[in-house]
Amino acid sequence: MSSKIKRNVLKSMIIGVLAYMGTLGVPQTAQAEYADVVINNYADAAGMRPAVFPHWFHRIRFRCKVCHADLGFAFKAGGNKITMAKIIDGKFCGACHNGEISWSVENCAMCHSGVPGQPTHFHGSTVQRLIAPAYKPLQVKDTTK
Amino acid sequence: MNQKTKAISLTCAVMMAAFMWNTQSHAAEVGEKEMPLMLAEVSSVNTFNVNLKKPKSRNLPPAEDGIHDPENEATHSLQHPLDAYKGLPPSDFGNYVDWVKAIDEGKIRPRWDRADPNSEPFVMDLDIVRPVKASVPDVVFPHRQHTEWLLCSNCHPAVFVPQRLANQISMSAILLGQKCGLCHGKVSFPVETKTCRKCHSKPKPADWEPPLSEATLKNPWK
């Protein structure tokens with residue numbers, strides 16, 4: 001067998017394995033609630049489980065406007081680059097999760113309860129249900145410039 | 001690729017195929033001539049609706065839903081969605097709760113302000129009719145249901161220009177998460193067959209005929 005064919009075979013095998021591994025990262029069997037958001041911008045890297053945000057729980061208590069207009073949450077999973085530093089300063093989740101309106105941030109594992117290694121995603125979204133789901137990693141733009 | 005390598009690769013492919021056949025069906029034991037009529041094993045790609053993965057059950061408790069980690073202790077103290085949905089009007093999609101109806105019937109009273117439970121939304125009752133090129137019914141956009149949840153600035157002017165004929169909306173854009181798809185298909189009711197008529201709700205006029213496509217009009221064999 002010529003080295004070119006060998007190389008091609010090797011290449012296609014590597015691509016196949018990579019493609020398979022790519023599908024492992026995406027939860028295929030999850031049956032979570034519609035609109036549950038997994039946020040894993042920084043959690044895994046910091047040794048925490050990803051945070052899970054249940055829309056259903058919050059919409060019983062608040063209208064969309066409270067978070068998406070008053071608190072500045074973007075209409076995008078993982079779009080706010082939330083860090084614990086922002087939360088303890090009363091921004092984003094910290095506007096309510098401060099021990100006054102809702103339970104306080106020392107209940108780490110209540111939010112950080114996701115299966116480790118999951119990508120940031122919107123569970124049950126139409127884009128995710130499309131036959132060829134496309135996940136785009138968060139585009140981290142340097143806003144300090 | 002020269003002739004020789006082509007021949008070699010073809011032979012390799014044939015040999016590999018033969019090897020796979022041998023290991024799978026033991027066809028080598030039966031001679032080619034007296035091979036009995038074999039019913040092909042139905043490939044899994046032929047099963048009905050391969051792309052339609054129906055959830056076996058819905059509204060599972062957090063520990064069983066696949067995205068929460070059951071090894072995390074706090075996961076088990078999170079609320080079960082079905083406990084929260086008790087008494088709420090049901091629907092056939094999304095969370096299987098009709099959230100708009102729930103608010104209309106006063107079953108839930110979500111706050112309009114983070115801290116003030118008595119703050120009330122400014123509800124605007126204005127329907128916008130959008131004619132649709134295709135044969136599906138025209139779209140009626142109700143401001144009322146939207147202003148009960150959202151502030152004008154959530155959509156205007158960034159997502160929808162508040163001006164007639166200024167917004168190009170297509171189902172492809174919506175399916176890709178733009179325009180209406182910013183919320184619908186993610187958190188508000190999903191974009192699926194069961195929900196088409198929630199937006200496409202105004203029947204076409206009685207004398208409406210679907211416009212003929214260019215290819216039909218120009219067809220010389222018509």
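The values are calculated or read from the model by the stated rules, or taken from the named source; none is laboratory data. These numbers come from a predicted model, not from an experiment. Virtual Cβ from ideal backbone geometry, glycine too; neighbours counted across all protein chains shown. All accessible areas refer to the heavy atoms of the entire protein, side chains included, with ligands and DNA or RNA removed. Shrake-Rupley method; radii C 1.70, N 1.55, O 1.52, S 1.80 Å.
Values as computed for the structure displayed
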quantity: Count of residues meeting criterion [touching a Ser or Thr at 6+ places or on another chain (Cβ under 6 Å) and closer than 28 Å to B:PHE93 by Cα] in the range A:82-113; calculated: 1
quantity: Filter result for the condition that a residue is in contact (Cβ under 8 Å) with a residue 24 or more places away in the chain and either out of contact with any Leu (no Cβ under 8 Å at 6 or more places or on another chain) or farther than 21 Å from B:GLN79 by Cβ (or both), over A:GLY90, A:GLY79; calculated: A:GLY79
quantity: Test: residue in the range B:123-143 that is at pLDDT 95 or above, more than 28 Å from the chain's Cα centre (by Cα) and within 12 Å of chain A (Cβ to nearest Cβ); calculated: yes
quantity: Check on B:LYS198, closer than 29 Å to A:ARG129 by Cβ and assigned to a helix (DSSP H, G or I); calculated: yes
quantity: Residue ID - most open to solvent (accessible area, probe 1.4 Å), chosen from residues in the range A:45-92 that are part of a helix (DSSP H, G or I) and within 18 Å of A:ALA32 (Cβ to Cβ); calculated: A:PHE57
quantity: A:PRO116 vs. criteria open to solvent by 60 Å² or more (accessible area, probe 1.4 Å), touching a residue at least 40 places away in the same chain (Cβ under 8 Å), farther than 20 Å from B:GLY94 by Cα and within 13 Å of the chain's Cα centre (by Cα); calculated: yes
quantity: Yes/no for B:ALA115 being over 18 Å from A:HIS55 (Cβ atoms) and at the interface with chain A (Cβ under 8 Å from one of its Cβ atoms); calculated: yes
quantity: Boolean, B:ALA115 is within 22 Å of A:ARG59 (Cβ to Cβ), part of a helix (DSSP H, G or I) and either at pLDDT 95 or above or open to solvent by 40 Å² or more (accessible area, probe 1.4 Å) (or both); calculated: no
quantity: Residue check for B:TRP221: outside the structural domain of B:SER135 (by TED's automatic domain parsing), open to solvent by 90 Å² or more (accessible area, probe 1.4 Å) and over 29 Å from B:PRO121 (Cβ atoms); calculated: yes
quantity: Out of B:ALA158, B:ALA206, sole residue that is within 14 Å of another protein chain (Cβ to nearest Cβ), open to solvent by 90 Å² or more (accessible area, probe 1.4 Å) and in a loop (DSSP other than H, G, I, E, B); calculated: B:ALA158
quantity: Residue within the range B:174-195 that is of a type in the set (Ser, Thr, Tyr), open to solvent by less than 80 Å² (accessible area, probe 1.4 Å) and free of Cβ contacts under 8 Å to residues at least 12 places away in the same chain present; calculated: no
quantity: Options B:ALA74, B:ALA63, B:ALA40: the member that is at pLDDT below 65, farther than 22 Å from B:VAL191 by Cβ, open to solvent by less than 90 Å² (accessible area, probe 1.4 Å) and not assigned by TED's automatic domain parsing to the domain that holds B:TRP149; calculated: B:ALA40
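Let's see how each residue does on (1) more than 19 Å from A:HIS123 (Cα to Cα); (2) more than 7 Å from chain B (Cβ to nearest Cβ); (3) modelled with pLDDT of 95 or more:
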| residue | (1), (2), (3) |
| --- | --- |
| A:ARG7 | yes, yes, no |
| A:SER12 | yes, yes, no |
| A:VAL17 | yes, yes, no |
| A:GLN28 | no, yes, no |
| A:MET48 | yes, yes, yes |
| A:HIS58 | no, yes, yes |
| A:ARG61 | yes, no, yes |
